[in-house]
Amino acid sequence: MSRSNRQYLRAPVNQEMLYLCDDYVLKAKCSNISEGGMLISDMGRVPEKSRFHTMISLIQYPEFSKLSTQKLLSIDHSAFDIEVLRCEVDVVRSFEGLSEVEKILLPSIGAKFSEVSSGNMALIKAYVQTFSKNMIYLLTQFENSSKKKGNIVQLRKTAALLGYDSSLKIPLLRAKVLHDYQSLESL
């Protein structure tokens with residue numbers, strides 16, 4: 001079975017977001033983002049119109065490989081800049097014929113960007129690239145952890161900074177990160 005590649009790399013976000021639904025502002029979760037669009041989950045209600053406004057905050061991660069071990073271990077999420085992006089998206093698939101309950105039960109919907117400023121697009125591109133580099137750095141830490149036992153603290157800290165549950169057993173944590181890494185560009 002061959003894997004198809006996406007037009008754009010995507011990166012996990014897993015942050016709450018806001019969206020406009022029939023003149024109400026509601027919360028959902030942005031699961032991942034790319035230059036093409038985002039995957040939205042946990043929507044309380046799917047908008048009637050296929051195009052709607054969204055607002056999402058993106059953490060501006062540094063490249064962890066460029067930080068000293070001491071700096072990495074001492075850094076906290078509060079040290080990262082957060083950029084709020086406002087954009088308009090189009091739902092990728094039709095919900096015609098689905099009841100309101102069926103729409104709510106959908107695990108997630110894909111939305112492509114219809115209107116996004118060039119500044120916000122640059123932020124999205126930078127986010128995806130940096131997150132990808134940080135995932136590679138984390139996967140390298142997994143590979144090195146079998147050689148250096150002291151690396152586990154740094155590995156767990158890196159995982160936590162990227163939004164993973166760092167308390168998981170190492171094989172399970174590695175599997176989750178590897179899954180996300182493999183889905184960066186695969187369909």
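Going by the structure shown, is Asp81 at positive phi and either at pLDDT 90 or above or open to solvent by 30 Å² or more (accessible area, probe 1.4 Å) (or both)? Let's see the steps before the verdict.
On the way: at positive phi: no; either at pLDDT 90 or above or open to solvent by 30 Å² or more (accessible area, probe 1.4 Å) (or both): yes.
Criteria not met by Asp81.
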Discussion item. Out of the helices (runs of 4 or more DSSP H) lying entirely within region 85-187, which hold 2 or more residues that are open to solvent by 40 Å² or more (accessible area, probe 1.4 Å), out of contact with any strand residue (DSSP E or B) (no Cβ under 7 Å at 6 or more places or on another chain) and at pLDDT 90 or above?
Written reply: 118-145, 151-161, 170-182
Worksheet item: If you scan region 19-50, which residues turn out to be surrounded by 14 or more Cβ atoms within 10 Å (Cβ to Cβ), over 25 Å from Gln129 (Cβ atoms) and either free of Cβ contacts under 8 Å to residues at least 12 places away in the same chain or not small (Gly, Ala, Ser) (or both)?
Response: Tyr19, Leu20, Cys21, Leu26, Asp42, Met43, Arg45, Val46, Pro47
Worksheet item: Does region 43-85 hold any residues that are under 18 Å from the mean Cα position of the chain (by Cα) and under 11 Å from Tyr19 (Cβ atoms), and which are they?
Response: Met43, Thr54, Met55, Ile56
Discussion item. Suppose we filter region 60-77 for residues that are surrounded by 11 or more Cβ atoms within 10 Å (Cβ to Cβ) and outside any helix (DSSP H, G or I); how many remain?
Written reply: 6
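The values are calculated or read from the model by the stated rules, or taken from the named source; none is laboratory data. Remember, predicted model here, so these are calculated numbers, not experimental data. Neighbour counts are summed over all protein chains in view; Cβ atoms, including those assigned to glycine, are modelled from backbone coordinates with ideal geometry. Accessible surface is based on the protein model in full, side chains and every heavy atom, while ligands, DNA and RNA are left aside. Shrake-Rupley method; radii C 1.70, N 1.55, O 1.52, S 1.80 Å.
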